[in-house]
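Working notes, structure below.
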Amino acid sequence: MLPKQSVPPRLARQVAQELYQHMVLYGYDLIELPIIEPADLFLIKAGDQAIGKLFTFEQHGRQRALRPEFTAAAAYRYVQLNSSGVVRWQFGGQIFEDDPNDSSRDYQRLSIGAELIGLSGTAADAEIISMAARGLDRIGIHSWRVTIGLTRLMRQILSRFGLDSRMERFVLNHLPALADPHKGKPFVLEQLDRFLLGSSVFTQSDEINPANMLETLLDVLSRTQTMGGRTHQEIARRLAQKRQHVVERPQIVHALNELERWNTINHSPTEAFKIMDSLIAPDDTASRQTLAEWKQTVQLLQAYQIPEENLSLRPNLARTWAYYTGIVFELTADGRHVGGGGRYDELARLLGSRRDVPAVGFAYYADHILDLLPSETYAGPFSVTISSTPENALAAAVWADRLREQHIPVCLMPPEQAQNGSPLLVVDEQQRISFGAEVFTLSDINRLVSLLGNQP
């Protein structure tokens, strides 16, 4: 393997071109998207946690940002076009993202990907996943694996516990901690208690007395006009919500118990579906329908020649629960993340559409891909060098032009710099050219091209 810093820019472009051509086979048009967009565009998608990662500046009283990704920009263009049809778009270029916790990270990276907007269903999901995986095969990475999750199924499982949307978000956002052997349910319950009323109110006990909590806070209210600039009415509404959340705490504990079982699933499709069939309640028709659709997606992937041994199902897989609405997936190779994506049917409405628009997409992490490419990939495109001096410059130009018409890249170099490993042609003033022991005239160009085409 070659380290990333030794990858010439032209070879990164070569890999990008291979991936672009691969996605064209699936009907995806290459589009250009702006490097600079309104900062709100990316905050709508990623939330306030993205503020610290954006490179922003002010222009004419508006906050602008260098793009940190392509999905929001593609969805925004779809909305601006007022389209109601299906589009298949691919894109590529530099993205810009700061990391306040890692100053060594590259701020600028190459990203390549695609969006399928306007089409719902398992066929669209399988198309995106298979296209992403098979693209790695095209550029010589065959050790890939796909891990697939389903946010909609996890939300349906959680909905049976009757939590409000705020508490559902809390539970879903803490699924990684729930699965962490060093944290687990005790840590999540501690965070829950802090979230409800502050660390000083609760202990590790599961028993909480809402009456005591209300008495304490109402006593504070009786001795003050406002708290933090809020009116009594506003505080009362907040207290009612807090009390409801405290009442819901036993339900949250039951939900965590159930999700602990789902958190252990990270298996092949055959084994994972068997476990999930046993966990879903017989009367939970919505979850069973979603599971059936997931099975259909996996069947379609196998039709696309995605082997089952390259697939893992992990229901709790999600980088952000606020964004994805259906299937999510990650691509890995040799232990590194090389891509990922999923379904985001609500984004268009958040960006100004009057309705939800089905959409699914993915992006390659091109910097990781370049690290993993086999060394033979770096041979570069086939080209020849013509040794050119001032005396034979005219003849060299004629030969270079004729060879380029035959789609052979040619570099003109002085003799002292011409030994660069590519086939070397030496031209003389009579417009003859030598390749090895043979000499060619312009009338012999087809034979020369054939000979060059057989070079390793």
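Given the stretch 382-453, what percent of its DSSP beta bridges are antiparallel, to the nearest 5?
40
List the aspartates and glutamates whose Cα lies under 13 Å from the Cα of Lys183, skipping any in the same chain that are fewer than 8 positions away.
Candidates past the 8-residue exclusion: Glu260.
Quick check: from the Cα gyration tensor, does the stretch 382-453 come out rounded (a/c under 1.5), prolate or oblate?
Note, shape of the stretch 382-453 comes out rounded.
Rank-order 167-173, 88-94, 299-305 by packing density, defined as the average count of other C-beta atoms within 10 Å over each peptide's residues, highest first.
88-94, 167-173, 299-305
Determine, for Ile117, Ile112, the number of other Cβ atoms within 10 Å of each Cβ, and report the residues in order from fewest to most.
Arranged by neighbour count, lowest to highest, Ile117, Ile112 become Ile112, Ile117.
Any read-out appearing in this document is the output of simple, stated calculations on the displayed coordinates, not a laboratory observation. Keep in mind that what you see is a predicted model, and the values were worked out from it rather than measured. No Cβ is skipped: glycine too gets one built from the backbone with ideal geometry, and neighbour counts run over all protein chains shown.
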